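J.: My questions all concern the structure below.
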Amino acid sequence: MPVHFLLNNRQMRLRKKSRFSGFFVFKNVLTLWLLYSLAGCEPALEHLPEQQLMDKAQQGHGAAAVLLAKKRQQQGDFPAALNWYQKALDAGLTNELAALLALKQRQDGFLATASYLEHHLQQQQSVNAAEADLAADYGIWHYAQSPAYFASNSNSSCSLTLQPVVQSKAGSRQLQLLQQQWQQDPQFSSLPVCFLPEKRINSTDLQCSYQAGQRIQCHYQVLTPDVAKGGFSQLLVVAGEGTANYNNGIVQLAESSSFEVFRHEFAHILGFIDEYSLSAEVAQAECRSDKIRPNLLTDKTQLDLYLQHWQLQRHDIQLQKVESCDNAGVQAFAPVTAMSFMRSHEAQVPDLYFKLMQKVLAQPELIMPVQYFYAYLARQEQDWYHWRLLMDQAAKQGYPDAQHLLQEASAIPTAP
């Protein structure tokens, strides 16, 4: 057969194959186009113009709302970002709740975020595990599932009992850490001090503040029913952020307070005074010669009375000038020369101070119970029912001032 004939046949076959290949390519493209059209496919959300994306989000497209929320957050427009996160939640994307809460806390603070979450959960027919964890984070306890923490007490006898109170999971975790450190401390673990199981109060009720550099303030009145029941003499509140403090039976710690801060504030329960400069108001009240404090003398002439009161010898102490009473125009003295934990949180607890703590705890009836302070608050509100309940609890603990006031009240004749 001639060569040119073979070539022509091969060319014809190639041409046929080429025509069929083109047909199949066209058919595949047509099929894909039909499938694309039938499925209603659209360009990816991130490629849509801004207005189309907003229209979709407004119409209930959750993914579009999330995309807009993240864009606005990156741009620093937090109010707009919160609005789009809310649209995503309304569209059923509950997994975006954590992102919304984190941004809202950054924008509006912890308490406002907790209030929002409480309202959000109230609208839900059920709460999933992730939402329950968030409820614990923000102290909406009746939706939380984590059990309350209770540290076993190392002492069988309790001269002083503290009732811990928390308003968030962070506070509960910090309380657990502080109690573990207490039990590991060779000095404090040997004191006859006991801790009750933590009391969880909704953050929207207790409302402890989150203000760096300012004293933590809480709505302590919500604890009145628990305080009136008794069973403890001091409150230990681990909630909020700011400056820790002690006030009339309430040890107030931040959710980030260290053990060193805790032991300093605890010492205030036992009458120890700060060895740095007190405010003018506090100095005027505390720097009086008729008050005998474990770690403070307001005058050298008070020395003999101090030694007699604490049953110490002259060689047991070494007077050291401190700044406690400077704002009252009084030169105060500490009974030790070494830097103590009442002057600097990180300093050691002098042996003499630990010995004095034991002496104070040997007469717990002389430590003012928190019930006495709450009775004072009830009296200010002319709430005589709670005044009586609280004063009774303080008197049962042997506090002399409470017993005296109850005797006076019983001596007042009542109307017929």
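No value in this document is a laboratory result; all are computed from the given coordinates. On a predicted model such as this, the values are computed, not experimentally measured, just so you know. With ideal geometry, Cβ positions are generated from the backbone for all residues, glycine too; neighbour counts draw on all protein chains shown.
J.: List every residue whose amide H lies under 5 Å from the amide H of Gln234, counting only residues 5 or more places away in sequence or on a different chain, with H placed 1.01 Å from N in the peptide plane.
T.: Thr161, Gln163, Val370
J.: Order by neighbour count: Cys158, Cys287, fewest other Cβ atoms within 10 Å first, most last.
T.: On the way: Cys158 18, Cys287 23.
The most exposed by this proxy come first: Cys158, Cys287.
J.: Once phi is turned into ³J(HN,Hα) by the Karplus curve 6.51 cos²θ - 1.76 cosθ + 1.60 with θ = phi - 60°, what whole-Hz value does each residue of segment 225-233 show in order, with x for glycine and proline?
T.: x, 5, 5, 5, 6, x, x, 7, 10
J.: Follow-up question, since we're still on this one. When DSSP beta bridges are limited to those with both residues in the chain, what percentage is antiparallel, rounded to the nearest 5? It would help to have the intermediate numbers written out before the result.
T.: Numbers: 8 of 24 bridges.
Beta bridges within the chain, antiparallel portion: roughly 35 percent.
J.: In debye to the nearest 20, how big a dipole does the chain give about its Cα centre with +1 on each Lys and Arg Cβ and -1 on each Asp and Glu Cβ?
T.: Approximately 2860 debye in magnitude.
J.: In what sequence do Ser277, Ser289, Ser115 fall when counting other Cβ within 10 Å, fewest first?
T.: If I rank by nearby Cβ atoms, fewest first, I get Ser289, Ser277, Ser115.
J.: Quick one: if the Förster radius is 60 Å, what FRET efficiency do Glu281 and Glu50 give, using the C-beta to C-beta distance and rounding to 0.05?
T.: Using R0 = 60 Å, I get an efficiency of 0.55.
J.: Between Ser289 and Asp205, what is the FRET efficiency for a Förster distance of 45 Å, r being their Cβ-Cβ separation, to the nearest 0.05? Before the final figure, lay out each step's value.
T.: On the way: r = 43 Å, r/R0 = 0.95.
Using R0 = 45 Å, I get an efficiency of 0.55.
J.: Across segment 115-132, in residue order, what do the Karplus-derived ³J(HN,Hα) couplings come to in whole Hz, using 6.51 cos²θ - 1.76 cosθ + 1.60 with θ = phi - 60° and x for Gly and Pro?
T.: For segment 115-132, the Karplus curve yields 5, 4, 4, 4, 5, 4, 5, 5, 7, 7, 6, 8, 10, 7, 4, 5, 5, 5 Hz.
J.: Please work out how much length the chain gains when fully extended from Phe354 to Asn128, using 0.36 nm per residue of separation minus the C-alpha to C-alpha distance, in nm with one decimal. Provide the component values of the computation, followed by the final result.
T.: Working: separation 226, 0.36 × 226 = 81.36 nm, distance 4.92 nm.
Between Phe354 and Asn128, full extension yields an extra 76.4 nm.
J.: On a full-extension model of 0.36 nm per residue, what is the gain between Asp326 and Leu93, subtracting their alpha-carbon distance, rounded to one decimal in nm?
T.: Values: separation 233, 0.36 × 233 = 83.88 nm, distance 6.01 nm.
Difference between extended and current length: 77.9 nm.
J.: Taking the number of other C-beta atoms within 10 Å as the exposure measure, put His47, His345 in order starting with the fewest. Walk me through the intermediate numbers first.
T.: Details: His47 9, His345 16.
Fewest-to-most ranking of His47, His345: His47, His345.
J.: Between Ser189 and Thr337, take the C-beta separation as r, use R0 = 35 Å, and let me know the FRET efficiency to the nearest 0.05. Intermediate results must be reported in sequence, preceding the final value.
T.: Numbers: r = 27 Å, r/R0 = 0.77.
Result of the calculation: an efficiency of 0.85.
J.: Something else: Considering the chain as a Gaussian network with a 10 Å cut-off on Cα pairs, which listed residue, Lys71, Lys87, Lys199, attains the greatest mean-square fluctuation?
T.: Result for the chain, Cα springs under 10 Å: Lys71 fluctuates most.
J.: I've got another one for you. Taking the Cβ of Asp299 as the center, what net charge do the other residues with Cβ under 13 Å away carry, scoring Lys and Arg +1 and Asp and Glu -1? If you can, show how the numbers build up before the last one.
T.: Working: positive: Arg288, Lys291, Arg293, Lys300, Lys321; negative: Asp290, Asp304.
That sum, taken over residues with Cβ under 13 Å, equals +3.
J.: In whole Hz and in residue order, list the ³J(HN,Hα) couplings for segment 44-54 that follow from phi through the Karplus curve 6.51 cos²θ - 1.76 cosθ + 1.60, θ = phi - 60°; x for Gly and Pro.
T.: 4, 4, 5, 9, 6, x, 3, 5, 5, 5, 5
J.: Taking a virtual spin label 7 Å from the Cα of Arg173 along the C-beta vector, which residues in segment 126-148 bring their backbone nitrogen under 12 Å of it?
T.: 137-138
J.: Here's something else I'd like to know. In this model, which of Lys71/Lys104; Lys71/Lys169; Lys229/Lys359; Lys300/Lys321; Lys56/Lys87; Lys104/Lys199 are farther than 21 Å apart at the alpha-carbon?
T.: With Cα atoms farther than 21 Å apart: Lys71/Lys169; Lys229/Lys359; Lys104/Lys199.
J.: Mean 1/r over all different Cα pairs, inverted: what Kirkwood radius does the chain give, in Å? Don't skip to the answer; put the middle values down first.
T.: Values: mean 1/r = 0.0374 Å⁻¹.
Evaluated over the chain, this radius sits at 26.7 Å.
J.: Also, I was wondering about something else. Multiplying the sequence separation of Gln308 and Val222 by 0.36 nm and subtracting their Cα-Cα distance, what value in nm do you get?
T.: On the way: separation 86, 0.36 × 86 = 30.96 nm, distance 4.21 nm.
Once the chain is fully extended between Gln308 and Val222, it gains 26.7 nm.
J.: With an 8 Å Cα cut-off and a minimum separation of 6 or more residues, compute the relative contact order for the chain in percent. Show your work: numbers first, answer last.
T.: Values: 600 pairs, mean separation 40.0, N = 416.
10 percent.
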